[in-house]
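The values are calculated or read from the model by the stated rules, or taken from the named source; none is laboratory data. Please read these numbers as outputs of a predicted model, since none were measured by experiment. We place every Cβ from the backbone using ideal geometry, glycine too, and count neighbours over all the protein chains shown.
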Amino acid sequence: MKKALVQDWYYVNGGAEKVIHSINNVYDDFDHFSLIDFLNEEDRKFILNGKKATTSFIQNLPTAKSNHRKFLQLFPYAIEQFDLSEYDLIVSSSGFVAKGVLTHQNQTHICYCHSPMRYAWDLYHSYLRDVGLDRGLKSMYAKYVLHKLRLWDIASLNRVDHFIANSNHIAKRIKKLYNRDADVIYPPVDTNKFSLETNKEDYYITASRLVPHKKVKIIAQAFSKLTDKKLLILGDGPELKEIKTFATPNIIFLGHVSSEELIMYLQKAKAFVFAAEEDFGIAPVEAQACGTPVISLGKGGCAETIINNATGLFFYEQTPQSIIEAVSKFEKLNLDPNIIRKNALRFSKERFEKEFEDYINKKL
């Protein structure tokens with residue numbers, strides 16, 4: 001059986017890439033396809049077992065390495081240029097256009113859907129506001145491109161035989177937008193790497209890219225009022241400069257850290273604070289694997305991975321005041337790190353690989 005694995009793009013080692021790593025642990029004979037492949041050798045070895053993906057013409061366009069998203073109007077055309085006609089099994093790992101590869105009736109196409117393309121659908125208005133494209137001539141062009149992407153997204157969905165969603169939250173979104181049912185297989189989390197630590201220190205932590213939809217700014221705004229609480233912010237991004245303008249001395253910026261440092265900080269933290277509405281959210285599960293509770297927005301994937309008042313605490317509005325109130329409530333709780341870690345084990349890498357292999361065997 002010839003197998004193809006299609007990913008939107010390869011340029012970082014994020015959550016989608018960890019899914020690819022585990023799929024390659026199940027089957028080591030995939031041929032890989034992607035719009036671009038700019039992985040460094042260390043990440044390539046981890047994600048693709050050292051293989052290189054067959055890429056589209058986007059790979060060779062000027063500035064594609066530094067900003068491939070500027071060519072998003074070309075992505076549907078580019079993904080359709082891959083000739084996969086000789087493959088029996090096609091697996092797409094899709095949060096944007098990978099599900100749109102062309103297939104025929106003698107092939108089985110299974111899409112592991114991280115989300116229908118969020119910038120074209122549920123994040124459409126907030127995305128345009130965040131990047132300053134909600135008015136003017138550039139706004140008209142951006143809206144036209146996203147409109148065309150929505151049309152193509154619907155037109156291409158029947159190229160998929162079976163959808164897997166990464167959470168019940170995404171399964172509902174697939175049903176809403178595509179009117180297709182999806183089976184749920186939660187993504188893999190390396191719960192062995194993020195090991196239990198029961199001795200906590202007196203600081204809170206958040207870690208992510210500092211971009212608008214991650215909502216790190218409102219976490220920092222909350223802790224600028226909670227001046228007796230120490231907050232560590234791990235990560236970098238375009239919002240860093242703005243956050244620093246109002247940050248108080250109790251907020252400490254550590255920038256990009258190694259995976260070993262990240263684990264150490266997560267293990268010792270009093271709690272991990274998370275304000276984004278994520279499709280699944282690997283970081284909160286990694287924190288729980290360390291026995292660290294999570295103060296989180298109680299929506300999206302986190303509503304499925306955190307047990308309120310047992311492995312963390314929910315707030316329900318993305319405002320600094322909601323976070324302030326949640327931290328105050330959390331200070332009165334006494335949560336057991338052993339129970340918190342046990343909850344995280346539901347999302348282990350080994351569990352994903354077994355469920356994924358069983359699913360493929362069933363559908364074939």
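Odds and ends about this structure:
- Subset of the stretch 236-295 (residues that are among the aromatic types (Phe, Trp, Tyr) and either part of a helix (DSSP H, G or I) or under 27 Å from Val19 (Cβ atoms) (or both)): Phe246, Tyr265, Phe272, Phe274, Phe280
- Which numbered condition Gly281 fails, given (1) within 18 Å of Thr191 (Cβ to Cβ); (2) modelled with pLDDT of 95 or more: (2)
- In a residue-by-residue description of the stretch 52-69, the property of being touching a His at 6+ places or on another chain (Cβ under 6 Å) and under 12 Å from His32 (Cα atoms) applies to at least one position.
- The criterion of at least 2 residues that are over 21 Å from the mean Cα position of the chain (by Cα) and over 24 Å from Lys175 (Cα atoms) is met by the following strands (runs of 3 or more DSSP E) wholly inside the stretch 1-116: 3-7, 30-34.
- In the stretch 117-141, the qualifying residues are those that are part of a helix (DSSP H, G or I) and hydrophobic (A, V, I, L, M, F, W, C), and the one that is surrounded by the most Cβ atoms within 10 Å (Cβ to Cβ) is Leu128.
- Residue identified as among the aliphatic types (A, V, I, L, M), out of contact with any Cys (no Cβ under 6 Å at 6 or more places or on another chain) and within 30 Å of Leu89 (Cα to Cα) among Ile339, Ile282: Ile282
- Residue check for Val273: under 16 Å from Ile218 (Cβ atoms), among the β-branched types (Val, Ile, Thr) and within 17 Å of the chain's Cα centre (by Cα): yes
- Residue check, Asp183 surrounded by fewer than 16 Cβ atoms within 10 Å (Cβ to Cβ) and either more than 21 Å from the chain's Cα centre (by Cα) or closer than 30 Å to Ile323 by Cβ (or both): no
- Hits in the stretch 45-88 (condition: closer than 21 Å to Ser115 by Cα and either in contact (Cβ under 8 Å) with a residue 40 or more places away in the chain or β-branched (Val, Ile, Thr) (or both)): Ile47, His68, Leu72, Gln73, Phe75, Pro76, Ala78, Ile79
- Lys148 being touching a Ser or Thr at 6+ places or on another chain (Cβ under 8 Å), within 29 Å of Ala171 (Cβ to Cβ) and assigned by TED's automatic domain parsing to the domain that holds Phe30: no
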